[in-house]
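No value in this document is a laboratory result; all are computed from the given coordinates. Here the structure is a predicted model, which is why all the values come from computation and not from measurement. No Cβ is skipped: glycine too gets one built from the backbone with ideal geometry, and neighbour counts run over all protein chains shown.
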Amino acid sequence: MSTTESTTESAAAEPAQSMLSQRVGSFLAFAPLAVWTTWHLYSNLAAFQGPQQWEQAVSSPRAPLVEVITSTVVLLPLVIHTVWGFRRLRIAKYNNGSYSNFDNLKFLLQRLSAIGLVLFLGAHIVMARFKPLITTGRHETFADISYEMHHNPPTFFVYILGVLAVAYHLANGLATGGLTWGFAATETARKRLQNISYLFFVLLIGMGWGTIFALWNAGEHQRRMEPRADSPAIPAEAAR
Ligand code: HEM
């Protein structure tokens, strides 16, 4: 049995009119979501350079209009892709019990990682973006995130698993997107895309887990900061 036969949605559940929705959901997954996510993981590597560099790259305040535009450009496609994704989750036929091949496993993992992503991104966006903004009027500081990473094991493990889900979902999505957009029409093209997706997975996981390690390391001697609107973003000893 071929991969497509064993893993895709049934023709009845996928009427022609949903072709457009398939393309829109897939397109938004790549631009801007995948591009922004890759950039975000890359920017976070500034954690290796120190507090100021990380805050400059990741959490420095921007003009209010820029904040609104950036948030809309990222969050709106995320919401649309998530709604689209839940529909795909619902109409998919899961038959991993009957056909336990590797492609079927990847199909299932794409969907399990999507559920993990909903939970992780929900927690990450609230804790790293909205909570600091509401309690201190600022973005999250290097002091706070590195302290939590080192001294709060649940934070550490949630980030490890969250980055794993992001890396898998995005890298495997690159391969399935190639099928959606017709870039993998032949077996050779499919294999090439698959290999690129494996490399992409290693790159994403390397950037994400590398940043977690840098923050965990820096958090060892970090003090917890009190949420005061007038306190400096970086404690004096951490900035040195
Ligand atoms: C950082 C956020 C996310 C990124 C960058 C992302 C990226 C992608 C990419 C590139 C694809 C492949 C599209 C294709 O095959 O045409 C995909 C597929 C998918 N995404 Fe996401 N995604 C994200 C979050 C989510 C969330 C929160 C959900 C929640 C439901 C989700 C559900 C799905 C599903 C179910 C598929 C498989 C669609 C299919 O093969 O039919 N994604 N995603």
>> If I model a spin label at residue 118 and residue 191 as a point 7 Å from the Cα along the Cα→Cβ vector, what separation in nanometres do I get?
In response: 3.8 nm
>> Using the basic label-point model (7 angstrom from Cα toward the beta carbon), what is the residue 152 to residue 65 distance in nanometres?
In response: 3.5 nm
> Residue by residue through region 20-31, which ³J(HN,Hα) values in whole Hz follow from phi under the Karplus form 6.51 cos²θ - 1.76 cosθ + 1.60 (θ = phi - 60°), with glycine and proline marked x?
Replying inline: 5, 4, 4, 5, 5, x, 5, 4, 5, 4, 8, 10
> Anyone know which of 165, 143, 189 comes out most mobile in the 10 Å Cα GNM of the chain?
Replying inline: 189
> In sequence order, what are the phi-derived ³J(HN,Hα) couplings for region 134-146 according to the Karplus relation 6.51 cos²θ - 1.76 cosθ + 1.60 with θ = phi - 60°, rounded to whole Hz, with x for glycine and proline?
Replying inline: 6, 7, 10, x, 10, 7, 5, 8, 4, 4, 5, 5, 6
> If you build a Gaussian network model of the chain, linking Cα atoms that sit under 10 Å apart, which residue out of 141, 82, 188 swings the most?
Replying inline: 188
> Most exposed first by the Cβ proxy, i.e. fewest other Cβ within 10 Å, how do 149, 207, 19 rank?
Replying inline: 19, 207, 149
>> I'm a student and want to see the number: the projected area of the Cα convex hull of region 3-239, averaged over all directions, in nm².
In response: 14.2 nm²
